Structure formats: structure tokens, C-alpha cells
Amino acid sequence: MQDLSHCDLLLRHARLATMAGPRPYGLIDDGALAVRGGQILWVGGDDERPPELVAANERDCGSRLVTPGLIDCHTHLVWGGDRLDEFEQRLSGVPYAEIARRGGGINSTVEATRRASFDELLAGARGRLEGLLREGVTRVEIKSGYGLEMDTEKRMLEVARRLGEELPVSVHTSFLGAHAVPPELAGDGDAYLERVIAETLPAVAAAGLADAVDGFLEHIAFSPEQIERLFRAAADLGLPVKLHAEQLSNQGGAALAARFGALSADHLEYLDEAGVASMAAAGTVAVLLPGAFFFLRESQRPPVAELRRRGVAIALATDLNPGSSPLHSLLAAASLGTVLFHLTPEEALAGITRHAAAALGVAHQAGTLEVGKSADLALWDCSKPAALVANLGANPCVGRYLAGEWHPGRERPA
């Protein structure tokens, strides 16, 4: 029997959106939550607290909302330079694919990122990440992909690792060497991919810099055959995979990703029923990115109804990057998910907690308020979960607990 005689932290009189169980939001109206050793020890109604439970630190939440710490499961937040000229081009009607063909898009950022020092990349990324933390984010994924050669790809991932050491947040890294064909090898994706597989990916893996391998399967990036070679190489190194798929066209990427047991397939505007079925069978999470949809003025929505029907977990993320999704707010991403993709508020909140954890392969330790999981929590100056997605631009986050340690945000009087 579990020892409940003492805990490090006891939250009382909280509206707990546990995001687990049969009730909407897993809501416990007058809840209590105990933490010991950085993990959730007990959770339930305040009037059900074990009488023997003694807390070293007790906090009355005053009926404020407590949720799992938010998780941004798809970002590119390490980069150099900017793409403001591209933003203006898109507003004038130039399609994203055409900008990329002209040498803009990803390769524009590649040039600036290659020139940037470690400290310059760290300073820029730190500011972006701190903004996410102020909104209740406790876990974030960060991709490489703006180097497209070994030294810069490794530097980006080293910056991501450093962010996790210097800031109170759990950082997951993804090697996205197959993001685009670099300008020096334009038109020869096979030659570039061979370099990635033979040199860069093994070096990144040997240095312990990547938690997963990602790629961009699209007519302006890499083909299904090329991505399959990349995924086989990742599997040989014991690294899980994920994929940018079906963003601008249907290339069968989601089904390919599912065949390799991918953690997630992301974007998915052009996903078909066969792809949905493959994802459902494999347990691959659908990560929807409304920021890119919004900024690129897309009109074809991901097939949310079919994803629901097949029981595919739906996550949401910022896709924070300097070009196609300069979206610096995970709460805004969740709000846009409801308006643009017709998700319910509960689905949106699950998409930045429970399902985002699954997209990173950490559903066993994060994403819900359940016994045994990490005590990563967010405290909000509101009482209804829907308030987190109904007010675009608002930030009601009072602060966060990361493994039970308090990190204040914009503290307000109780």
C-alpha cells in the first residue's frame, strides 16, 4: 500500500482539469493534489483527502483552475535572421511554394542561421521560449533543420539542449536535417540525403543531441522514397521518427510515417482517409498546426471529423518559426484550433496537454494530472477550462510547477 503520510506540496480548493477520466476535462470542482519527490502522489476531491496526509507546503488555490503543464510538441524556435520580406510577399499574393522556389523560405533562414554564433542563436531562442513559459508551458519540442550541414545542425541542437539546462522546462529535440535541400546542392536531393544519412545523423545520434528524427515530405522538399531511407537509418540508430506530412499536397506521408510507427504526423491539411486509417492502426498522433494554416492563408482544413471517427489522437502546437508560422503563443494555437479547425475547447486543451505528450512519446509521465506522473502543473487566474482557448491574446497564467517546483508567472492577488 502506498505511503500517504506526508508530501512536499499540497494544493487545495483547486478546480482540477485533470484531462483524464470520463468527465469533461476530467474536472474535479473542489480538488486537491499532493506532490512528493516531483511526482503526483494523490489527486481527488478536497473532501476526500487522506486524513494521514501531512504537507510540508500547502497552497489554497482559491477555486482557481489547475491544469497539466502545457506542452508545445512542434517548434522550430532556434533560428537566425528574420523573414519579414517573405511575410510581405505572401500578403501580396505570392504562394509559399513559389517563395521557396525563388530561394526564400527555409533556405533564407538557413543562410542566416549558418552565420549565427551559438550565443546569438541561444539569445534569440531563449527569448522566444521564455514567452511560451509565461503561458504555462512546461515541456517543449525543438527541431533543427535550419543548418542543412553538420556543424550548424549540431549547433542548433546544442542550443536546444542548453535551453533545457538554463530554463525551467523539459526540452525534447528533433533532428530535422531533411527539412530542405541546401542551396549548394539544389536539385540533388539524393546527394544531400546521402550525406545526412551517412554523416550528420550518425554524428548527431552519437553526441546524444536528438530524441527523434523528423523530415519534410512534400513536392518542395523530399519524396516518399527519400524519407523512407531516412526513417530506416533512424530505426537502425534506435531513434523514433515523426514527419511533416500532407501540408501542401497529398504525398502519402502520413501512411509512410505510420508504417514506421511514427510518434506523430504533422500539418495534415491534405490527409486522406487511407492516411487516417494508417495512423489509427499505428497509434500515430495527428499534430495540427493552425499557425501555419493561418499565416499561409490556406483553405483546406485537416480532416478533423475523420480523425475523430477513427479515434486518432489530435494534438496542437505553435509550429513557431520565422516564416510560415511566427506564432509565439500556444494558447493562441489552441484558440485558432477551435475557430479554424472546428475543435471543441476540450479537444483543444487535450491537444496541448494529453495528446501533445503522446506526440512526444511521454504520455506515461506527462500530459494529465494522475498519480505517478511528473508534477508539471499550470495555475490559472480563471475557473473554467474553456477560458484558456476562448480569449485570444489573453494570458491568465499565474505560474507553473515543474516537477513540483514553483515558477511564478504573472502573479495576481488571490
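The values are calculated or read from the model by the stated rules, or taken from the named source; none is laboratory data. Note that the coordinates shown come from a computational prediction; the quantities given were computed from them, not determined experimentally. Here Cβ is always computed from backbone atoms with ideal geometry, including for glycine, and neighbour counts include all displayed protein chains. Ligands, DNA and RNA are excluded from the accessible area calculation, which covers all protein heavy atoms including side chains. Shrake-Rupley method; radii C 1.70, N 1.55, O 1.52, S 1.80 Å.
For the reader, a short list of remarks on this structure follows.
- The residues of the stretch 323-341 that are in contact with a Ser or Thr (Cβ under 9 Å, 6 or more places away or on another chain) and either farther than 22 Å from Gly124 by Cβ or modelled with pLDDT of 95 or more (or both), listed by number, are Ser325, Leu327, His328, Ser329, Leu330, Ala332, Ala333, Ser335, Thr338.
- Selection within the stretch 148-168 - among the small types (Gly, Ala, Ser) and either part of a loop (DSSP other than H, G, I, E, B) or over 19 Å from Gly367 (Cα atoms) (or both): Ala160
- Residue in the stretch 75-90 that is among the polar types (S, T, N, Q), out of contact with any strand residue (DSSP E or B) (no Cβ under 6 Å at 6 or more places or on another chain), open to solvent by 10 Å² or more (accessible area, probe 1.4 Å) and more than 30 Å from His172 (Cα to Cα) present: yes
- Between Ala274, Ala315, the distinction of being more than 16 Å from the chain's Cα centre (by Cα), aliphatic (A, V, I, L, M) and at pLDDT 95 or above belongs to Ala274 only.
- The stretch 292-317, residues that are without any contact (Cβ under 8 Å) to a residue 60 or more places away in the chain, open to solvent by less than 50 Å² (accessible area, probe 1.4 Å) and out of contact with any Asp or Glu (no Cβ under 8 Å at 6 or more places or on another chain): Val304, Leu307, Val312, Ala313, Leu316
- Residue match in the stretch 267-281 (condition: of a type in the set (Ser, Thr, Tyr) and open to solvent by less than 10 Å² (accessible area, probe 1.4 Å)): no
- For the stretch 347-357, the set of residues classified as under 24 Å from Ser299 (Cα atoms) and not aliphatic (A, V, I, L, M) consists of Glu347, Gly351, listed by residue number.
- Residue in the stretch 37-47 that is open to solvent by 30 Å² or more (accessible area, probe 1.4 Å), free of Cβ contacts under 8 Å to residues at least 24 places away in the same chain, farther than 30 Å from Thr344 by Cα and out of contact with any His (no Cβ under 7 Å at 6 or more places or on another chain) present: yes
- Test for Gly62: is it closer than 18 Å to Val398 by Cα and at pLDDT 95 or above: yes
- Residue-level check: of (1) surrounded by fewer than 21 Cβ atoms within 10 Å (Cβ to Cβ); (2) part of a helix (DSSP H, G or I); (3) hydrophobic (A, V, I, L, M, F, W, C), Val171 misses just (2).
- Residue ID - farthest from Gly45 (Cα to Cα), chosen from residues in the stretch 9-25 that are in contact with a strand residue (DSSP E or B) (Cβ under 7 Å, 6 or more places away or on another chain) and open to solvent by 30 Å² or more (accessible area, probe 1.4 Å): Tyr25
- Listing of helices (runs of 4 or more DSSP H) fully contained in the stretch 187-286 that carry 1 or more residues being of a type in the set (D, E, K, R): 189-195, 224-236, 253-259, 273-282
- Taken over the stretch 128-155, the criterion of being touching a Gly at 6+ places or on another chain (Cβ under 6 Å) and within 17 Å of Val213 (Cβ to Cβ) is satisfied by Glu153 alone.
- Number of positions in the stretch 137-169 that are in contact (Cβ under 8 Å) with a residue 24 or more places away in the chain and closer than 28 Å to Trp380 by Cβ: 12
- Residues of the stretch 318-332 that turn out to be within 13 Å of the chain's Cα centre (by Cα), surrounded by 23 or more Cβ atoms within 10 Å (Cβ to Cβ) and under 15 Å from Leu77 (Cα atoms), as a count: 5
- Sub-8 Å Cβ pairs linking a first residue in the stretch 110-130 that is more than 14 Å from Asp151 (Cα to Cα) and without any contact (Cβ under 8 Å) to a residue 40 or more places away in the chain to a second residue that is of a type in the set (A, V, I, L, M, F, W, C) and surrounded by fewer than 21 Cβ atoms within 10 Å (Cβ to Cβ), at least 6 apart or interchain, are Glu130/Leu167, ordered by first then second residue.
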